[in-house]
Amino acid sequence: MFTGIVEELGEVVAIEQLADAARLTVRGPRVTADAGHGDSIAVNGVCLTVTDSSDKTFTADVMAETLRRTGLGGLAPGSPVNLERPVQLGGRLGGHLVQGHTDGTGVILARTPGEHWDVVRIATPPELARYIVAKGSVTVDGVSLTVSALSGPGPEPWFEVSLIPTTLEMTTLGRLAPGSQVNLEVDVIAKYVESLLASAPPGYQPAGTEQTGARS
């Protein structure tokens, strides 16, 4: 489990293409300081398993399904990446609950510079739009962000986020131009609520919400 608070801006060192996967080597001195075989590190919001670590780098295998469903397949040596280690039990939850399981990818439509922040508009896959709400949380390339605006109903939904100087400086989001692809993870709580309501029997009401008649 992660929080979407990027610890370090790392760099892809090498990518080895395999028959049905890729082997990714990333430089990140901070996140590799205590990394060992089998540990998890989020790379642009994608939870990967460390297979080897040495000399301030770590290596992880990325299966074909992950390459297809995320933006990791577009990385190349020299690409900057957002890195985060899992949150420790008892630690501060600075962002929101992030699983590192990308739900889909979006595309940056526009970015508008402001005096103290940039407003970035991102196209949303239609199947994910229902999980994104104004003032709610969304993860973009591993960064926990608050939704500042939403499109109205329509076939091409989008949402906006406002990026403060720290986010612009310390993550890849400060470097991405319109047309760039980003990994999206919506709020897992919304998905669980939808699943539970969809499987509820007809007429079901959650405990504590039953309506009672007027008392005499």
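Annotations for the structure displayed:
- Restricting P29, P77 to those that are at pLDDT 95 or above, of a type outside the set (G, A, S) and within 21 Å of I5 (Cα to Cα) reduces the list to P29.
- Here the condition is being surrounded by fewer than 16 Cβ atoms within 10 Å (Cβ to Cβ) and touching a residue at least 40 places away in the same chain (Cβ under 8 Å); of A110, A149, A134, it holds for A110 alone.
- Taking the range 109-174 and the strands (runs of 3 or more DSSP E) fully enclosed by it, the elements with 3 or more residues that are within 16 Å of A190 (Cα to Cα), outside the structural domain of G45 (by TED's automatic domain parsing) and under 18 Å from the mean Cα position of the chain (by Cα) are at 137-140, 143-150.
- Enumerated strands (runs of 3 or more DSSP E) restricted to the range 1-102, each holding at least 1 residues that are at negative phi and small (G, A, S): 8-17, 21-27, 40-43, 46-54, 57-63
- Taking the listed residues A64, A33, the one that is closer than 22 Å to T102 by Cα and surrounded by fewer than 19 Cβ atoms within 10 Å (Cβ to Cβ) is A64, with no other qualifying.
- Some residue of the range 67-78 being outside the structural domain of M170 (by TED's automatic domain parsing), buried (at least 20 other Cβ atoms within 10 Å of the Cβ), in contact (Cβ under 8 Å) with a residue 60 or more places away in the chain and of a type in the set (S, T, N, Q): yes
The values are calculated or read from the model by the stated rules, or taken from the named source; none is laboratory data. Everything quoted here is computed from the prediction, not taken from an experiment. Every residue, glycine as well, gets a Cβ built from its backbone with ideal geometry; the counts of neighbours run over all protein chains shown.
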